[in-house]
Amino acid sequence: MKSRVIQDGPEPERSAHHSPKEVCEQQMQRAMNVAGRMGHWSANHWKTAVFGWLACVVVFFYVGNMLVGLKQIQQNDAGVGQSHRADQIFKKAFPERAPQEEFVLVQSTTKTTSDPAFRATVDDVIAAVESSPQVKSLHSPYDPRHRDLVTSNGRSALVTWEMKGDRDQAIDNIDALSARTEAVAAQHPDFYVGHAGVSSDKALDKLFTDQLALAGERSIPITIGVLLIVLGTLVAVGVPILLALTGVVGTIGLVALTSHAVPADSNVNAVILLIGLAVGVDYSLFYIKRWREERAAGKTPDAALEAAAATSGRSVLISGFTVMVAMAGMFFAADKTYLSFGIATIIVVAVAMLGSLTVLPALLSKLGTKVDRGRIPFVHRFRNDAEGSRLWGVILRPTLRHPVVAVVLGGGALLLLALPAFRMHTAQSGFEALPKNAPTVETIQRVQDAFSNGNVTPALVAVQANTDLPSTQRAIAALKRQALASGQAKTPIDVEISPSHDVARVSIPLVGEGVDSESNEALQTLRNDILPATIGRLPDASWAVTGLTAQSFDQNALLKSKAPIVFAFVLTFAFLLLLIAFRSIVIALKAIVLNLLSVGAAYGVLILTFQWGWGEGILDFTSNGGIAYWLPIFLFVILFGLSMDYHVFILSRIREAYDRGLPTEEAIESGITKTAGVVTSAAIVMVGVFFVFALMPILDMKEMGIGLAAAVLIDATIVRAVLLPASMKLLGDWNWYLPSWLEWLPRFAPELDVGDSRERIDAPPVPAA
């Protein structure tokens, strides 16, 4: 790159030993910021940058994913609070950990268990599985000791057993048994014969994995389609797609490596794809659009690249660090899933940022004008690289003419939309959140309808005591009596003693659906009243309760207590980063407020759509009266980070125009009109990618997709096109206010124009306005 840089300050004295070209090169290196220097180096060493990047991607993916593999969070390690303590007790006391239960439902609308045909069907189920070496503790509904396996009307019966080994072994061995029971079902078409339990875990895990893979496959064509319209040429579209996808692949390998220090959630790769594709494409789009804008203004490709590196590159750098800080907020949730998501998202954003600052300028430098090859008919004609968006210019003018009205209407709309957030209720989704046609879901639903709900997901009480002592046995018997007498527990209550005789596992079916208010109330009664009055009276005994209800309750309680810490961390550090980047306390505070508005409005959309059920008909789901317990913190962190992308990008252009001497109002109009097109395009990419998840049949994924899509859409329209310019117009020069006691903050020079290489290389530098 042989371009001259316009920089602040007088021209340094030229040494007699340096040519004008060498002096210019020294000036350029001093003037350019970190992002600019990275772009300059990459452009001059494009082979090292590009092939080094590809080599790292291949090595990371091969070593991490192929050799080492992803280490996932174990089921017994996933909980928090008291339920986690109980899981750890069971993990040590019982070699096979939690029992891996499977059951087969035999049901008839006309016959009862006393009918010979009914008994023959049950006997065939038992005969099909009892010879398997993988089966233990097989229970028949005709055994007098297990009459609880038959409903009161006699038309439904359960055959239950446990799989030998741990969860992974049980899942590996369940298919053969499922095939046998399905063969029995085919032999008895007059009866409903369905299996669930371990087979449900395997089938639903596969459903979830397949749906996530499908969402990823759909996301890529959507992204390509939008970029074709925005960039207008095949080569230009291929660059950000290639960069984003290689970044995702490399991150998957890196996270596989880090998972051996911090185990990862099973869905971590889906999160990497979701965030990596969105952020990677955004950063590349910002960079390429600025490069084209500089070229359209008359600069050579190399000079335009220097300008893009020092301007959009700097925005990418600031935005990337802000997003990573936001993602780090998940570390404070004290939850293993959040910890793994936090690590994965920080890595994928860092990789996307690094690729945009190094590989992208290297590719643009090598390709030059070849980027415009493969033009899309008609679409290319509508490109307007030299000027800002005319449409957004028309939209922006009334906002700047009537800023008070714009703030009142825009802010009022978002506040109104955010009001439902104050009535947010979180809950762990049960089987009602799954599509009815999913494997084994019908069987589970039939069991829940016919039997006590607690039989499917009982509370598991870990009792640590000498189980051989008569006092311990009496306390456990009292626990069973009082639990049944409370009316909040059902039979059968089973007790299993560990081989070391120092732990008892008491299985107590609770009333309710498992995660609803009735089950939570029963859990509280068990924990706060019954257990202290029975096991709690033993001098050397301790206890803890786990199970689906307990895990959901403890998870909710933890996240509610940690949410203020997460929010405070993200807001504080985002404020500090923006304060340092723009040297304005007003800009930093206003960014926080505007982003909170967009997040609050997204929460409101979620509650209206899912908690209140307004979107049931459109999105084809049944509301469970709440929002997935993990969503509020996850959405806040992700949305806050992603919305800062647009904010930093737009503010950088406004500040750049202001530093060149434009009045604040003109700087606002110039900055927003020049960025509105690319911001809108990037938002469309994100909304398209996120909305794919809203079309998945799993309720939690629908909620995540709608929440993310709504927030990005609100942020890119109402916030960036109305509230941001209107509030800046009202504040005027106060936008750039920095108290005198903060003057010690480091001063980052504004981005500097890079001259055209056709200019005389020995021309004196011109001071910036």
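Output the residues belonging to the stretch 485-518 that are touching an Asp or Glu at 6+ places or on another chain (Cβ under 6 Å), at pLDDT below 85 and open to solvent by less than 30 Å² (accessible area, probe 1.4 Å).
Within the stretch 485-518, Val511, Gly512 meet the criteria.
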Note on Thr223: of the conditions (1) over 22 Å from Lys111 (Cα atoms); (2) in contact with an Asp or Glu (Cβ under 7 Å, 6 or more places away or on another chain); (3) of a type in the set (Val, Ile, Thr), unmet is (2)
Looking at Pro725, Pro697, can you tell me which residue is more than 25 Å from Phe567 (Cβ to Cβ), outside any helix (DSSP H, G or I) and of a type outside the set (A, V, I, L, M)?
Pro697
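Consider Gly688 carefully, then state whether it is open to solvent by 10 Å² or more (accessible area, probe 1.4 Å) and touching a helix residue (DSSP H, G or I) at 6+ places or on another chain (Cβ under 6 Å). Steps first, answer last, please.
Details: open to solvent by 10 Å² or more (accessible area, probe 1.4 Å): yes; touching a helix residue (DSSP H, G or I) at 6+ places or on another chain (Cβ under 6 Å): yes.
In short, yes.
Of the residues Gly661, Gly707, Gly641, Gly625, which single one is of a type in the set (Gly, Ala, Ser) and at pLDDT 85 or above?
Details: Gly661 fails: at pLDDT 85 or above; Gly641 fails: at pLDDT 85 or above; Gly625 fails: at pLDDT 85 or above.
Unique residue meeting the criteria: Gly707.
Test Arg30 against the stated conditions and say whether it is open to solvent by 80 Å² or more (accessible area, probe 1.4 Å), outside any helix (DSSP H, G or I) and at pLDDT below 50.
Numbers: open to solvent by 80 Å² or more (accessible area, probe 1.4 Å): yes; outside any helix (DSSP H, G or I): no; at pLDDT below 50: yes.
No.
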Within the stretch 128-145, is even one residue in contact (Cβ under 8 Å) with a residue 60 or more places away in the chain, within 30 Å of Ile698 (Cβ to Cβ) and open to solvent by 30 Å² or more (accessible area, probe 1.4 Å)?
no
Taking the stretch 593-609 as the search range and keeping residues that are under 17 Å from Arg720 (Cβ atoms) and within 21 Å of the chain's Cα centre (by Cα), which one is modelled with the lowest pLDDT?
Asn595
So which residues in the stretch 468-479 are part of a helix (DSSP H, G or I) and open to solvent by 70 Å² or more (accessible area, probe 1.4 Å)?
Pro470, Gln473, Arg474
Checking Gln211 against (1) at pLDDT 90 or above; (2) surrounded by 13 or more Cβ atoms within 10 Å (Cβ to Cβ), which single condition isn't satisfied?
(1)
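Does Ala264 satisfy the condition of being within 27 Å of Leu214 (Cβ to Cβ), touching a residue at least 12 places away in the same chain (Cβ under 8 Å) and in contact with a strand residue (DSSP E or B) (Cβ under 7 Å, 6 or more places away or on another chain)?
Numbers: within 27 Å of Leu214 (Cβ to Cβ): yes; touching a residue at least 12 places away in the same chain (Cβ under 8 Å): yes; in contact with a strand residue (DSSP E or B) (Cβ under 7 Å, 6 or more places away or on another chain): yes.
When the stated conditions are applied, Ala264 passes them.
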Which residues, taken from the stretch 302-337, are open to solvent by 10 Å² or more (accessible area, probe 1.4 Å), of a type outside the set (Phe, Trp, Tyr), touching a Phe, Trp or Tyr at 6+ places or on another chain (Cβ under 9 Å) and modelled with pLDDT of 85 or more?
Val325, Ala328
Residues that are closer than 16 Å to Ala362 by Cα and open to solvent by 10 Å² or more (accessible area, probe 1.4 Å), drawn from the stretch 240-291:
Ile241, Leu242, Leu243, Thr246, Lys289
Total residues in the stretch 610-651, condition among the aromatic types (Phe, Trp, Tyr), over 18 Å from the mean Cα position of the chain (by Cα), over 19 Å from Pro435 (Cβ atoms) and buried (at least 20 other Cβ atoms within 10 Å of the Cβ)
2
Could you go through the stretch 700-711 and let me know if any residue there is in a helix (DSSP H, G or I) and closer than 23 Å to Leu396 by Cα.
yes
Only unsatisfied item for Asp115, checking (1) open to solvent by 20 Å² or more (accessible area, probe 1.4 Å); (2) within 21 Å of Asp175 (Cα to Cα), is (2)
So which pairs qualify, if the first residue must be in the stretch 154-181 and over 21 Å from Ala450 (Cβ atoms), the second must be open to solvent by less than 10 Å² (accessible area, probe 1.4 Å) and modelled with pLDDT of 90 or more, the Cβ gap must be under 7 Å, and the two must be at least 6 apart or on different chains?
Leu177/Val129; Arg180/Val129
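The values are calculated or read from the model by the stated rules, or taken from the named source; none is laboratory data. Bear in mind the structure is a predicted one, so any value in this text is a computation, not a measurement. Please note: Cβ atoms are built from the backbone with ideal geometry, for glycine as well, and neighbour counts cover all protein chains shown. Note: areas computed on protein heavy atoms with side chains; ligands, DNA, RNA excluded. Shrake-Rupley method; radii C 1.70, N 1.55, O 1.52, S 1.80 Å.
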